[in-house]
């Protein structure tokens with residue numbers, strides 16, 4: 001393959017999962033580069049990364065998932081990668097489907113391709129309440145920019161060089177996946193989806209659970225509305 005592909009693996013307290021995640025990626029996709037971004041983990045994640053000699057960034061302060069992934073995008077831009085792929089460190093994203101989201105980007109079919117578990121509805125479909133929340137956010141994004149995306153919270157996504165550069169400059173801090181779709185669409189980028197099969201988290205604890213799910217929904221909904229209003233105000237000011 002003559003295209004440079006970087007897989008960005010955000011890592012926060014993934015001592016139970018990170019080795020399997022990286023080794024599965026290396027076994028299935030040996031031709032791609034990868035970078036683990038350790039976001040000030042308080043467990044043994046950093047030590048494990050050093051022990052296995054995995055390439056990784058060790059952030060000096062905790063930036064959250066948005067800042068974590070944005071560091072990966074900055075790295076991809078500075079090192080001239082053609083495609084950047086976000087793949088979670090908890091084992092949910094199967095590298096066997098990596099090229100399913102990369103190929104549409106390489107073919108020029110879209111600027112960002114999201115791995116969706118809801119197109120064919122195979123594999124782990126997450127909980128009922130989370131599916132309700134995802135449908136709500138999908139509807140909000142469609143209402144705000146006219147773009148229909150089924151799996152708006154999927155962190156398994158590939159971006160071309162232009163989209164990667166955009167995200168290296170503009171990326172939401174907390175739970176950024178839905179906001180990234182809205183921002184990309186409003187900026188004129190083409191967002192697509194491809195069917196993938198996901199697995200349950202292989203170990204550890206999700207950052208979104210119990211009462212935090214309701215907080216997440218409220219926060220992201222408000223953020224999407226504010227983002228849309230901000231874009232409209234900017235366009236009005238330039239007119």
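The values are calculated or read from the model by the stated rules, or taken from the named source; none is laboratory data. What you see is a predicted model; the values in this text were computed from it and never measured. When we count neighbours, we look across all protein chains shown, and the Cβ atoms used for this are built from the backbone with ideal geometry, even at glycine.
For segment 73-106, enumerate the residues that are assigned to a helix (DSSP H, G or I), touching a residue at least 40 places away in the same chain (Cβ under 8 Å) and closer than 11 Å to residue 165 by Cα. Listed by number, the residues that qualify are 73, 74, 75, 76, 77. Here residue 186 meets each of (1) touching a residue at least 40 places away in the same chain (Cβ under 8 Å); (2) within 21 Å of residue 107 (Cα to Cα); (3) surrounded by fewer than 20 Cβ atoms within 10 Å (Cβ to Cβ) with one exception, condition (2). Taking the conditions exactly as written (over 24 Å from residue 68 (Cβ atoms), in a loop (DSSP other than H, G, I, E, B) and modelled with pLDDT of 95 or more), does residue 150 satisfy them or not? The answer is yes for residue 150. Can you say whether residue 37 is under 19 Å from residue 167 (Cβ atoms), in contact with a strand residue (DSSP E or B) (Cβ under 9 Å, 6 or more places away or on another chain) and either in a helix (DSSP H, G or I) or modelled with pLDDT of 95 or more (or both), as far as the supplied structure shows? In short, yes. With respect to the conditions (1) in contact with a helix residue (DSSP H, G or I) (Cβ under 6 Å, 6 or more places away or on another chain); (2) buried (at least 21 other Cβ atoms within 10 Å of the Cβ); (3) in a helix (DSSP H, G or I), residue 115 lacks only one, and its number is (3). Could you list, in sequence order, the residues of segment 40-53 that are surrounded by fewer than 17 Cβ atoms within 10 Å (Cβ to Cβ) and either part of a helix (DSSP H, G or I) or at pLDDT below 95 (or both)? Of everything in segment 40-53, those that are surrounded by fewer than 17 Cβ atoms within 10 Å (Cβ to Cβ) and either part of a helix (DSSP H, G or I) or at pLDDT below 95 (or both) turn out to be 47, 50, 51. When residue 128 is tested against (1) surrounded by fewer than 16 Cβ atoms within 10 Å (Cβ to Cβ); (2) closer than 19 Å to residue 197 by Cα; (3) touching a residue at least 12 places away in the same chain (Cβ under 8 Å), exactly one condition is not met: (3). Residues of segment 153-178 that are in a loop (DSSP other than H, G, I, E, B) and either on the phi < 0 side of the Ramachandran plot or touching a strand residue (DSSP E or B) at 6+ places or on another chain (Cβ under 6 Å) (or both): 153, 154, 155, 156, 170, 171, 172, 173, 174, 176. Taken as a whole, segment 2-22 holds at least one residue that is over 27 Å from residue 180 (Cα atoms), part of a helix (DSSP H, G or I) and modelled with pLDDT of 95 or more.
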